[in-house]
Amino acid sequence: MSAETPAAPGQFTRRRLQFRAWRGTRPFWAGLFVMLGGLPIMYFPYAHLHLGHLTLAMSTTAGAGSLIIGVLLVVLGFSLWFQRHVQTFAGVAAILLGLVSIPVSNFGGFILGFLFALIGGAMAVAWAPGTPPEAEPAEEPGVGAGDSPESAADGDDAPEAAAHEAPHGEGPVFTKDTDVTGETNELSGTISANGANGRHSVG
């Protein structure tokens, strides 16, 4: 692949998602802070500051100790990345090395290395692997959220029952019953269907 050949359009996105998945399965930020804490601790004892024509050497008799502490912090940071099961040990060791660097290495790399090691160690001890989200149960088709089988069955008889109710709340309306012959059976006595206006004559 030459330098002029453009990268695939989805290659950067795929690499970014792979790095995100790798980062989410381990204490990534804790390891980064621990490694950043080791850099100033092992750098300042061997550095020389130039103030105009004046050269200030910060090397001390404990320069070897500062180098050892800084290298150990960097190794612990890499261990948190690639050996995540040692997170508790690496976190506690980073906190102890940060505390030891205060009297040994120029106040812990001028407090910078001490703070980074302390924060990274605390994050490593507190880190816990995440759990995947649970799958939600699927809803049954055909039945609504507020419906029940009983209400769905009773809904078929609702129009028939409502047909016997009078409008505007006037009460029930009684319909006339017809027998098999088609004649109306009226028992109220207002229609002379049975003769003598509903009264039976004797004799």
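The values are calculated or read from the model by the stated rules, or taken from the named source; none is laboratory data. The model shown is predicted, which means the values in this text are computed figures rather than measured ones. Every residue, glycine among them, receives a Cβ derived from its backbone with ideal geometry; neighbour counts consider all protein chains shown. The accessibility values were calculated without ligands, DNA or RNA, using every heavy atom of the protein model including side chains. Shrake-Rupley method; radii C 1.70, N 1.55, O 1.52, S 1.80 Å.
All conditions in (1) of a type outside the set (Gly, Ala, Ser); (2) farther than 25 Å from residue 25 by Cα; (3) open to solvent by 90 Å² or more (accessible area, probe 1.4 Å); (4) at pLDDT below 85 hold for residue 96, with the sole exception of (4). Pairing each residue of region 87-104 that is within 24 Å of residue 45 (Cβ to Cβ) with any residue that is open to solvent by 70 Å² or more (accessible area, probe 1.4 Å), provided the two are 6+ apart or on different chains, yields C-beta distances under 6 Å for 97/72. The single residue among 36, 17 that is modelled with pLDDT of 90 or more and farther than 22 Å from residue 115 by Cα turns out to be 17. Of all residues in region 101-113 being β-branched (Val, Ile, Thr) and over 16 Å from residue 35 (Cα atoms), which is modelled with the lowest pLDDT? This residue is 104. Given the criteria touching a residue at least 40 places away in the same chain (Cβ under 8 Å), among the basic types (Lys, Arg) and open to solvent by 80 Å² or more (accessible area, probe 1.4 Å), does residue 16 qualify? No, not satisfied. In this structure, is residue 54 under 29 Å from residue 112 (Cβ atoms), of a type in the set (A, V, I, L, M, F, W, C) and modelled with pLDDT under 70? When the stated conditions are applied, residue 54 does not pass them.
Just for region 61-79: of the residues that are more than 14 Å from residue 37 (Cα to Cα) and hydrophobic (A, V, I, L, M, F, W, C), which one is modelled with the highest pLDDT?
Restricting attention to region 61-79, the residues satisfying the condition of being more than 14 Å from residue 37 (Cα to Cα) are 61-65, 79.
Narrowing the set further to residues that are hydrophobic (A, V, I, L, M, F, W, C) leaves 62, 64.
Working: 62: 61, 64: 78.
The qualifying residue modelled with the highest pLDDT is 64.
Quick check: is even one residue across region 133-148 at pLDDT 70 or above and surrounded by 15 or more Cβ atoms within 10 Å (Cβ to Cβ)?
no
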